Amino acid sequence: MTETLTAPASCTIPVSGMTCAACSGRVQRALEKSAGVSNASVNLMTGAATVQYDPAATTPERLVETIRGTGYGAELPAADRSAETMLEERDEEREAEIRDLRRKFLVSIVAAVLAMVFSMPLAEVTGSGGVPDPLMRLMMPLSHALERVFPWMAAVPADAWRWTLLALTLPVVAWAGRHFYTRAWTAFRHHSADMNTLIAVGTGAAFLYSLAVTLAPGWFAVRGVEPHVYYEAVVWIIALILLGNLLEARAKGRTAGAIRRLIGLRPATARVLRGGVEVEIPLGELRVGDEVLVRPGEKLPADGTVLDGTSYVDESMLTGEPVPVPKVPGDPVVGATLNRNGALRFRVDQVGADTVLSRIIRLVQQAQGTRAPIQRLADRISAVFVPVVLSLAIATFVLWFDFGPDPAYLHALVAAVTVLIIACPCAMGLAVPTAVMVSTGRGAELGVLIKGGEALERSERLDTVVFDKTGTLTEGRPTVQTVLPASPDGPVDEPGLLRLAASVERHSEHVLGEAMVDEARARGLELGDPSQFESLTGRGVTGLVEGLRVAAGNGAMLRELGVDPGALGPVAERLAGEGLTPVLVAVGGAAAGAIGIADPVKPTSREAVAGLERLGLEPIMLTGDNRRTAEAVARTIGIRRVIAEVLPDRKLEEIRRLQAEGRRVAMVGDGLNDAPALAQADVGIAMGTGTDVAMEAGAVTLMSGNPLGVVTAVRLARRTMRIIRQNLFWAFIYNVIGIPIAAGALYPLLGLRLTPAMAAAAMAISSVSVVSNSLRLRGFK
Amino acid sequence: MSAAQIAVTLAGLAAIAWVNWYFFLAGRGEAVAVAADQGVQRARIVVRGGYTPATVRVRAGRPVRLEFDRQETSGCTEEVVLPDFGIRTYLPAHQTTPVEFTPQRPGSYEFTCGMAMVRGRILVEEK
């Protein structure tokens with residue numbers, strides 16, 4: 001045995017492409033045979049190889065190569081960047097950008113004001129020969145006032161002013177506006193063009209022309225052209241666009257505010273019991289199984305189950321429900337919620353990425369990553385925008401040169417620069433993503449998770465909302481209301497009936513069965529153990545209990561089993577008329593009695609139904625219950641259309657049928673039993689009870705069990721789409737109107753033209769207004 | 001029309017033609033990265049004013065890992081979007097950010113910056 005000098009190291013490498021034990025075996029053998037490996041184990045389930053190796057003899061990279069040599073994929077795990085760290089990095093970068101932009105803007109705006117003042121004497125000198133600038137005309141009285149205060153200004157030769165202006169402009173172009181030129185250049189090398197291209201070409205042309213005039217005014221004078229310079233325009237353009245970028249960067253930072261607030265909900269530390277001693281630990285050290293203590297007024301650090309204590313917990317930050325939820329031992333609790341009045345001790349069941357809060361954050365981030373179909377048009381325009389604008393600017397130059405007033409080339413230059421500067425591709429690119437971002441974030445704060453732009457678009461166009469009654473409009477926890485033996489003095493009395501029915505239902509997962517089992521346990525009845533248990537989907541269950549054949553189900557099932565319901569038929573009718581679900585029980589082949597079960601209606605169901613009708617949507621109730629029960633419930637809620645007696649596997653068909661009528665259907669369900677129907681619907685809305693939700697099931701997830709969330713989702717979608725359309729319209733129309741005006745389309749008729757500085761201001765306002773419009777969604781209630 | 005006007009008009013038309021050729025046609029023959037690997041198909045894409053290479057060739061049905069190396073701070077490229085795969089990822093400046101997905105069907109898929117101004121293509125070929 002040779003002695004190992006270095007300590008063995010260990011690493012875990014994710015392996016992809018393994019499908020069977022033979023695969024993992026092959027990878028494992030290859031690893032074990034390779035030099036420097038002392039031990040290797042490959043887990044097929046987790047798809048990972050754990051390798052102990054001698055760092056002196058091999059490296060993780062070489063191990064990856066070994067695995068790849070076997071034909072499977074391997075990858076060294078990248079340092080996992082969680083949502084938080086990514087957001088932090090992004091925030092830091094954005095803050096640095098804002099600081100940088102602010103500095104550059106402040107310097108250039110000071111330069112711009114000075115440039116304007118210094119241009120005044122030049123305007124005097126050049127008189128009306130230059131381009132009539134309305135801004136300049138407004139400044140004329142100021143200019144005259146300045147001359148009275150500083151009479152020497154008029155005496156300074158124009159040459160000196162031009163050189164002063166150059167000295168003022170140079171740092172703005174070379175420092176504050178430098179990134180416009182460098183970015184335009186890198187883009188140009190890739191045959192692509194963006195906003196920077198337009199600014200660089202526009203200001204570059206104006207600057208280079210002015211530079212030529214400054215260096216050789218005589219050359220222009222000889223040719224009968226007044227040596228007019230446009231330094232002031234260059235500086236103003238850069239200053240105003242920097243301001244626009246600055247405001248845009250700040251506004252864009254705010255669009256992610258909702259996610260930031262969600263992340264901020266987590267407390268930094270947790271107080272846990274370790275070896276019977278209370279210690280405070282950072283959240284990152286919290287483990288599943290830890291027992292956590294939470295005092296009143298403290299936030300819960302993770303998801304878990306209450307072990308001890310009672311309290312009310314405010315879950316509004318996750319569910320949007322303002323009413324605190326009572327918690328007793330055995331109840332689930334969710335991290336980031338606020339403990340109100342009692343002390344709780346709970347066991348941690350989920351930490352980190354598995355917690356409800358982390359899943360919400362992930363879902364919202366994914367939602368913000370999707371691209372709404374409505375954006376396709378904007379994308380197509382963006383793709384061709386800049387080259388088209390460049391072409392338009394050249395055409396503008398030519399037209400002014402050929403047909404414009406003298407000095408034609410000066411007018412041509414100014415008009416072309418104005419076209420380049422006013423064109424704003426940014427507003428087009430920001431129109432949809434900013435609105436989707438703010439809207440999905442705001443939705444999350446209200447407990448409504450909308451999975452992206454497409455879900456928003458579809459939700460807007462809905463005209464029908466189908467509720468899978470149980471768990472959405474009703475509590476989803478049916479309780480036994482009445483137990484009616486077939487005859488009071490018959491072989492099976494009331495407790496006996498409930499006991500036998502509950503016994504056969506003992507292993508059933510049906511909610512009605514659970515209600516009977518709960519009721520029997522609550523009454524202290526001893527349950528038997530059923531054998532030959534059989535569940536007939538949607539109809540009932542049968543089994544042998546203490547030697548007796550017991551069947552519990554609906555009338556159809558009893559008939560199927562050859563049992564005559566006898567007097568139970570009318571009883572069932574009566575119960576159904578009262579809104580109860582009758583469960584008929586047969587014992588030993590004879591009708592033994594009926595049990596009436598009802599699922600209490602949620603307090604806000606009626607309001608939600610009315611709210612949907614106000615929005616012009618038709619609410620429909622879909623249920624497996626019999627028609628009379630269903631209609632009784634529907635009446636109390638205010639729903640007119642009921643589709644009853646639908647077996648679970650037929651729900652999908654019902655949705656299809658409604659869609660075939662030309663309806664755009666939302667299906668509201670619990671996301672567990674009705675996943676196919678949710679997927680078939682135009683919008684699947686998964687609704688949880690409390691924070692227990694199948695979040696991934698629907699296009700929309702309601703974190704609370706409150707049906708009013710459906711109304712909120714539709715309203716938010718409509719509001720968002722309205723904002724998106726406004727944004728797109730504004731971004732589009734701005735360019736469609738702005739570019740021709742900048743090109744001088746109104747000049748022949750009205751003599752109206754824009755200056756480059758005015759174009760820069762318009763462009764800055766345009767993109768900022770789109771982001772600001774999207775930010776209005778933050779106030780959605 | 002004076003000679004100068006004719007000259008400027010012709011030059012203008014030529015410039016327009018060149019702009020459209022340069023931005024729409026000339027850039028298309030760009031370098032293609034073939035992501036070939038046993039398991040995960042990998043390709044490194046430099047983000048600097050554009051995507052280099054702008055076209056990546058991969059095979060359908062196998063995972064793809066694109067490593068975006070963003071070598072600039074320009075806000076334009078701070079996000080990369082793969083609309084067909086539901087991915088929008090932030091690319092920190094001067095870092096390499098991996099993006100993973102598995103294309104199931106052959107075809108041409110786009111990836112763009114957050115505002116769809118900078119573009120690249122993923123050509124997915126038959127297995």
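Worth pointing out:
- Residue count for segment A:447-467 satisfying the condition of being surrounded by 24 or more Cβ atoms within 10 Å (Cβ to Cβ) and outside any loop (DSSP other than H, G, I, E, B): 10.
- The listed residue being surrounded by fewer than 22 Cβ atoms within 10 Å (Cβ to Cβ), among the polar types (S, T, N, Q) and either within 14 Å of another protein chain (Cβ to nearest Cβ) or assigned to a helix (DSSP H, G or I) (or both), out of A:Thr203, A:Thr169, A:Thr197, A:Thr164: A:Thr164
- Residues that are more than 19 Å from A:Val388 (Cβ to Cβ) and either polar (S, T, N, Q) or touching a Lys or Arg at 6+ places or on another chain (Cβ under 9 Å) (or both), drawn from segment A:398-416: A:His411, A:Val414
- With a requirement of 1 or more residues that are farther than 20 Å from A:Leu262 by Cβ, the helices (runs of 4 or more DSSP H) lying completely within segment A:333-437 that satisfy it span A:375-403, A:408-422.
- The set of residues in segment A:748-767 being in contact (Cβ under 8 Å) with a residue 12 or more places away in the chain and farther than 13 Å from A:Cys424 by Cα consists of A:Arg753, A:Leu754, A:Thr755, A:Pro756, A:Ala757, A:Met758.
- Residue within segment A:403-417 that is β-branched (Val, Ile, Thr) and within 8 Å of chain B (Cβ to nearest Cβ) present: no
- Entry remark, segment B:98-127: residues being open to solvent by less than 60 Å² (accessible area, probe 1.4 Å), more than 8 Å from every other protein chain (Cβ to nearest Cβ), outside any loop (DSSP other than H, G, I, E, B) and within 22 Å of A:Ala367 (Cα to Cα) number 5 in total.
- First in segment A:566-583 and crowded, with 23+ Cβ neighbours inside 10 Å, second anywhere and assigned to a loop (DSSP other than H, G, I, E, B), Cβ under 6 Å, 6 or more apart: A:Thr581/A:Asp625
- Hits in segment B:68-81 - residues which are part of a strand (DSSP E or B) and at the interface with chain A (Cβ under 9 Å from one of its Cβ atoms): B:Glu79, B:Val81
- Some residue of segment A:211-223 being in contact with a His (Cβ under 9 Å, 6 or more places away or on another chain), surrounded by fewer than 24 Cβ atoms within 10 Å (Cβ to Cβ), away from chain B (no Cβ under 14 Å) and assigned to a helix (DSSP H, G or I): yes
- Only a single criterion out of (1) open to solvent by 10 Å² or more (accessible area, probe 1.4 Å); (2) touching a residue at least 24 places away in the same chain (Cβ under 8 Å); (3) not aromatic (Phe, Trp, Tyr) is not satisfied by A:Gly524, namely (2).
- Within segment A:418-439, being in contact with a helix residue (DSSP H, G or I) (Cβ under 6 Å, 6 or more places away or on another chain) and facing another protein chain (nearest Cβ under 9 Å) holds for A:Pro425, A:Cys426, A:Met428, A:Gly429, A:Leu430.
- Residues considered: A:Leu473, A:Leu500. Of these, the only one that is in contact with a Gly (Cβ under 8 Å, 6 or more places away or on another chain) and buried (at least 17 other Cβ atoms within 10 Å of the Cβ) is A:Leu500.
- So A:Val583, is it among the β-branched types (Val, Ile, Thr) and out of contact with any Lys or Arg (no Cβ under 8 Å at 6 or more places or on another chain): yes
- Residues being modelled with pLDDT under 70, open to solvent by 30 Å² or more (accessible area, probe 1.4 Å) and within 14 Å of another protein chain (Cβ to nearest Cβ) are entirely absent from segment A:26-40.
- Scanning segment B:2-54 for residues that are modelled with pLDDT under 80, open to solvent by 50 Å² or more (accessible area, probe 1.4 Å) and either in contact with a Lys or Arg (Cβ under 7 Å, 6 or more places away or on another chain) or within 7 Å of chain A (Cβ to nearest Cβ) (or both) yields B:Val32, B:Val34, B:Gln38.
- Of all residues in segment A:273-326, those satisfying the criterion of being farther than 18 Å from A:Thr355 by Cβ, open to solvent by 70 Å² or more (accessible area, probe 1.4 Å) and assigned to a strand (DSSP E or B) are A:Arg274, A:Val277, A:Glu278, A:Glu280, A:Asp308, A:Tyr312, A:Pro326.
- Cβ separations smaller than 7 Å between residues 6+ apart or across chains give the following pairs from segment A:46-74 residues that are within 14 Å of another protein chain (Cβ to nearest Cβ) to residues that are part of a helix (DSSP H, G or I) and not hydrophobic (A, V, I, L, M, F, W, C): A:Thr70/A:Arg26; A:Ala74/A:Arg68.
- Under the condition of being open to solvent by 60 Å² or more (accessible area, probe 1.4 Å) and modelled with pLDDT of 75 or more, the residues counted in segment A:47-91 number 7.
- Residue pairs whose Cβ atoms lie under 8 Å apart, separated by 6 or more positions or on different chains, with the first residue in segment A:376-387 and over 16 Å from B:Val81 (Cβ atoms) and facing chain B (nearest Cβ under 9 Å) and the second crowded, with 18+ Cβ neighbours inside 10 Å and of a type in the set (Asp, Glu), are A:Val386/A:Asp194.
The values are calculated or read from the model by the stated rules, or taken from the named source; none is laboratory data. From a predicted model like this one, the values you see are computed outputs, not experimental measurements. Positions of Cβ are generated from backbone atoms using ideal geometry, with glycine treated the same way; all protein chains shown enter the neighbour counts. Note: areas computed on protein heavy atoms with side chains; ligands, DNA, RNA excluded. Shrake-Rupley method; radii C 1.70, N 1.55, O 1.52, S 1.80 Å.
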